[in-house]
1. I'd like the full set of residues that are assigned to a helix (DSSP H, G or I) and surrounded by fewer than 21 Cβ atoms within 10 Å (Cβ to Cβ), limited to segment 168-187.
2. Only one of these is more than 21 Å from the chain's Cα centre (by Cα) and in the same structural domain as ALA166 (by TED's automatic domain parsing): LEU197, LEU214, LEU183, LEU226. Name it.
3. With ASP178, ASP120, ASP133 as the choices, which residue is assigned by TED's automatic domain parsing to the domain that holds PHE65, without any contact (Cβ under 8 Å) to a residue 12 or more places away in the chain and not aromatic (Phe, Trp, Tyr)?
4. Scan segment 78-104 for residues that are crowded, with 22+ Cβ neighbours inside 10 Å and under 16 Å from the mean Cα position of the chain (by Cα) and report the count.
5. So, in segment 67-109, exactly how many residues are within 16 Å of the ligand (Cβ to nearest atom) and either among the charged types (D, E, K, R) or not assigned by TED's automatic domain parsing to the domain that holds GLY156 (or both)?
6. Can you pull out the residues in segment 215-253 that are on the phi > 0 side of the Ramachandran plot and either in a loop (DSSP other than H, G, I, E, B) or among the hydrophobic types (A, V, I, L, M, F, W, C) (or both)?
7. Quick test for you: out of GLN283, GLN288, GLN307, pick the one residue that is under 30 Å from LYS347 (Cα atoms), polar (S, T, N, Q) and in a helix (DSSP H, G or I).
8. Please specify each residue of segment 188-212 satisfying the condition of being within 11 Å of the ligand (Cβ to nearest atom) and either within 14 Å of VAL77 (Cα to Cα) or assigned to a loop (DSSP other than H, G, I, E, B) (or both).
Amino acid sequence: LVYLDHNATTRPAPEVVTEMVDALELGWANPSSTHEPGQGARRLLADARTRVAAFLGCQGTELVFTSGATEANHMAVLGALEAARAASGGQRRRLVLSAVEHPGLLALARRLQGEGVPVDLIPVDTQGRLDLDAARALIRDDVALVSVMGANNETGVLMPVAELAALARAAGSLLHVDATQLLGKSRLHFASSGIDLMSVSAHKLHGPKGVGALVVRKGVVLPALLSGRQERNRRGGTENTPGIAGFAAACELARRTLDEDLARMTALRERLEDGLRAWPQVQVYGRQAARLPNTVCLRFGALDSDQVLNRLENAGVVASSGAACTAAGTQPSHVLLAMGESALHAKAGVRFSLGRETAAAEIQRALDAVARVIGPLLAPIETTAM
Ligand code: PMP
């Protein structure tokens, strides 16, 4: 099977599995216990924290481990709104996010809107690039939080984090970045990024599912989402030590292999994209935008993505239609709609996402499969006589 769905999730690395098993077998005690086994688990946690922080470019004390990016996003949004409202006597309560955020975050925003929180969406252009003029107009002094993803999970298009950080700072708002898709695919460095709150998830980085973190810049006051005394009163619940140990192993591995991974994914993505673009019916999304090095999102004419993906899977290649989280339905992609696509075309988006393990031979097999099972479905395009 050729697995080209690394933006949905990645296979845990062997080093990750080993470290998780060790944590389960040896470090199983409660890190809050004062006895020696508990203190052993506590040391394991401290060591993991240092390694994750080293990879993300933050301090260990800025990390709050969570059950993943979805929880981190909720903690950032709900916490920032609550803190800003309290500090401003209710004056600062607006939430500004991009129109192409992860469905979980957009669902939270809709829920909050229903409860009376003013919410604005920053539009994107036809390439999926954030409209910075619109952002400038929306980010005013009544904004509690600006929340924009680092890179879009469907198209791979990068968001202008430095510019947003400057806008948010000037307006006195916090900036939250859902950096889930940047992990292992870009040189992410929290300390120099201007970001106040940053969500990450281990399973996009060959780590385990169900663990991630919210990085909270030193000095930022953020109420807890889950009350309790763990994580310095910022996230209650007995720590997921095996998950956190696996996350640390994944970070350490990615730190070692990042340069090589970026170079290989970039070259293979180009090969895949060039091969697919040989079909005149193929339209690549965000081709003129700065994108992640591993992602190609495109449509084959107006062929429905379900049909394309079924045929590809039968030919041994798995990919995804837009966000995996909405793959069950044939809903048009909200990301492609925001880029100005018709409902028909927004159901035709197919995403190929490469990973550390993707080999050149697999790219060739994917291209061969497309030629074999998709090529015959593509209606001929009238070429203009020159
Ligand atoms: N944000 C983005 C941009 C994502 O791609 C994902 C994973 N689909 C999430 C959040 C959710 O992450 P998790 O599975 O860790 O909750």
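The values are calculated or read from the model by the stated rules, or taken from the named source; none is laboratory data. Worth saying up front: this structure is predicted, and the values here are computed from it rather than measured. Quick reminder, even Gly has a Cβ in these numbers, built from the backbone with ideal geometry, and neighbours come from all protein chains shown.
1. ARG169, ALA170, ALA171
2. On the way: LEU197 fails: more than 21 Å from the chain's Cα centre (by Cα); LEU214 fails: more than 21 Å from the chain's Cα centre (by Cα); LEU183 fails: more than 21 Å from the chain's Cα centre (by Cα).
When all the criteria are applied, what remains is LEU226.
3. Answer to the check: ASP133.
4. 5
5. Adding up the residues that qualify gives 2.
6. Correct list: GLY219, GLY228, GLY237.
7. On the way: GLN283 fails: in a helix (DSSP H, G or I); GLN288 fails: in a helix (DSSP H, G or I).
On inspection, the qualifying residue turns out to be GLN307.
8. Listed by number, the residues that qualify are SER199, LEU205, GLY207, PRO208, LYS209, GLY210, VAL211.
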